[in-house]
1. Which count do you get for residues in the range 297-327 that are part of a loop (DSSP other than H, G, I, E, B) and touching a residue at least 40 places away in the same chain (Cβ under 8 Å)?
2. Please list, ordered by residue number, the helices (runs of 4 or more DSSP H) wholly in the range 177-296 having 2 or more residues that are among the hydroxyl-bearing types (S, T, Y) and in contact (Cβ under 8 Å) with a residue 60 or more places away in the chain.
3. Residues that are on the phi < 0 side of the Ramachandran plot, in contact with a strand residue (DSSP E or B) (Cβ under 8 Å, 6 or more places away or on another chain), modelled with pLDDT of 90 or more and of a type in the set (S, T, Y): does the range 216-223 have at least one?
4. Under the condition of being of a type in the set (F, W, Y) and either under 19 Å from S29 (Cα atoms) or surrounded by fewer than 19 Cβ atoms within 10 Å (Cβ to Cβ) (or both), which residue from the range 276-301 is modelled with the lowest pLDDT?
5. Would the range 230-238 turn up any residue that is surrounded by fewer than 19 Cβ atoms within 10 Å (Cβ to Cβ) and modelled with pLDDT under 95?
6. So P258 passes all but one of these: (1) modelled with pLDDT under 90; (2) touching a strand residue (DSSP E or B) at 6+ places or on another chain (Cβ under 9 Å). Which condition number does it fail?
7. Of the numbered conditions (1) surrounded by fewer than 16 Cβ atoms within 10 Å (Cβ to Cβ); (2) farther than 29 Å from I237 by Cα, A37 satisfies every one except a single condition; which is it?
Amino acid sequence: MARKLFFGFVIFAAAQFCLAGENPMPKKSILFMSNSAETMSQNAVINGARDAAKDLGVRYNADISIVNITPTSQNGLSGKKQAEILKENSASGDAIGAIVVPCLSEIAAAQAAVKDFAKEKPVALIETDLPASGRTFFVKSDEAKLVKDVFDEINPHLGKNNFKLIAVYSGSDEAFKTQPPEPKNAAEKAMLEALRGKPCVVYASSAYFSSFSEKFESEIEALDNYGILFLDANPLINSAKIKPDSDRNFIIVMSLRPHLSQYLRSKTISMCAGNDYYGYGYLCAVAIAEKYFEGKSPKAETRVLQPIKYKVYQTEDFDKNWDSVFK
């Protein structure tokens, strides 16, 4: 009798295995479209979405992947280009929705594309909202808090004698300009507004700050009392050392990137602050999956995440954060 039960169990298990092979978990995907080819913040968003997809896959018995459809080249990336790519991918049979960071240029085209996509599948937007597009969910950072955190570090120096603040942004090497650049994102826009009208502020564009500082060495050395605010971390991406200067009060970076670790560790920069990109991705993936599988709208269509900041004594926390984001 025991032998019969055993062989019966083996046959049943084999049958179940065959059925599982014939009916694997359905494959589903969430598309991701960024507004630039900058890979570090993209990776953080994608990894947040991937971690959410693992949890959601268990909940909905589906194999959910995150597919990055952002062009690898930034050249020509605009609202119109985003519209073209979204349209090309909208018919993808396994796509259950899309996470989009809209381009600020030609934003009407991006909104039209999101609206068309959202008629069929849920869309979650990051940083720039398009409420008329029919999007399911929108997440952003608290730009006011981010600007306040950065401005609180800068403000004590602004009224000092002969103080100059050099606001550096990505671009070809040029210094020093009185007109601010066109903002690339909402946080940068808010920071430039806070600096507007302050006579001590000058603007400089830089591809790599190491070459910029050599090219404009005499102009920088002429400053007796100054600080540097990087509006993004790209000019520091080559991780080149920054020459010490007793006349420089601080270097603050309004961005979070893993290569800033060595600058924090060496106390070259006093603070870096930026958005919770990982959190963006996680929340967007959850909102899309719940809408697609359950028809359930988010409790809050808009979520505002607190910015993250690190000072020189928090280098280990900074490294752990990025280790988890890029795992």
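The values are calculated or read from the model by the stated rules, or taken from the named source; none is laboratory data. None of the values given here were measured: they were computed from a predicted structure. Glycine gets a Cβ as well: all are built from the backbone with ideal geometry, and neighbour counts include every protein chain shown.
1. Of all residues in the range 297-327, those part of a loop (DSSP other than H, G, I, E, B) come to 297-301, 306-307, 326-327.
Within this subset, residues satisfying the condition of being touching a residue at least 40 places away in the same chain (Cβ under 8 Å) are 297-298, 301, 306-307, 326-327.
Number of matching residues: 7.
2. Numbers: elements: 186-195, 209-215, 217-221, 261-265, 277-294.
Answer list for the range 177-296: 277-294.
3. Among the residues of the range 216-223, not one is on the phi < 0 side of the Ramachandran plot, in contact with a strand residue (DSSP E or B) (Cβ under 8 Å, 6 or more places away or on another chain), modelled with pLDDT of 90 or more and of a type in the set (S, T, Y), which makes the answer no.
4. Within the range 276-301, the subset of a type in the set (F, W, Y) is 277-278, 280, 282, 292-293.
Applying the additional criterion that residues be either under 19 Å from S29 (Cα atoms) or surrounded by fewer than 19 Cβ atoms within 10 Å (Cβ to Cβ) (or both) yields 278, 280, 282, 292-293.
Working: Y278: 91, Y280: 95, Y282: 95, Y292: 94, F293: 94.
The extreme case among them is Y278.
5. Pass one, the range 230-238, residues surrounded by fewer than 19 Cβ atoms within 10 Å (Cβ to Cβ): 237-238.
Right, trim to modelled with pLDDT under 95 and you get 237-238.
Scanning the range 230-238, I find at least one residue that is surrounded by fewer than 19 Cβ atoms within 10 Å (Cβ to Cβ) and modelled with pLDDT under 95, so the answer is yes.
6. (2)
7. The failed condition is (2).
Residue by residue, here is whether (1) assigned by TED's automatic domain parsing to the domain that holds Y226; (2) modelled with pLDDT of 90 or more; (3) in contact with a strand residue (DSSP E or B) (Cβ under 8 Å, 6 or more places away or on another chain) holds:
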residue: F151; (1), (2), (3): yes, yes, no
residue: G159; (1), (2), (3): yes, no, no
residue: L165; (1), (2), (3): yes, yes, yes
residue: E174; (1), (2), (3): yes, yes, yes
residue: K189; (1), (2), (3): yes, no, no
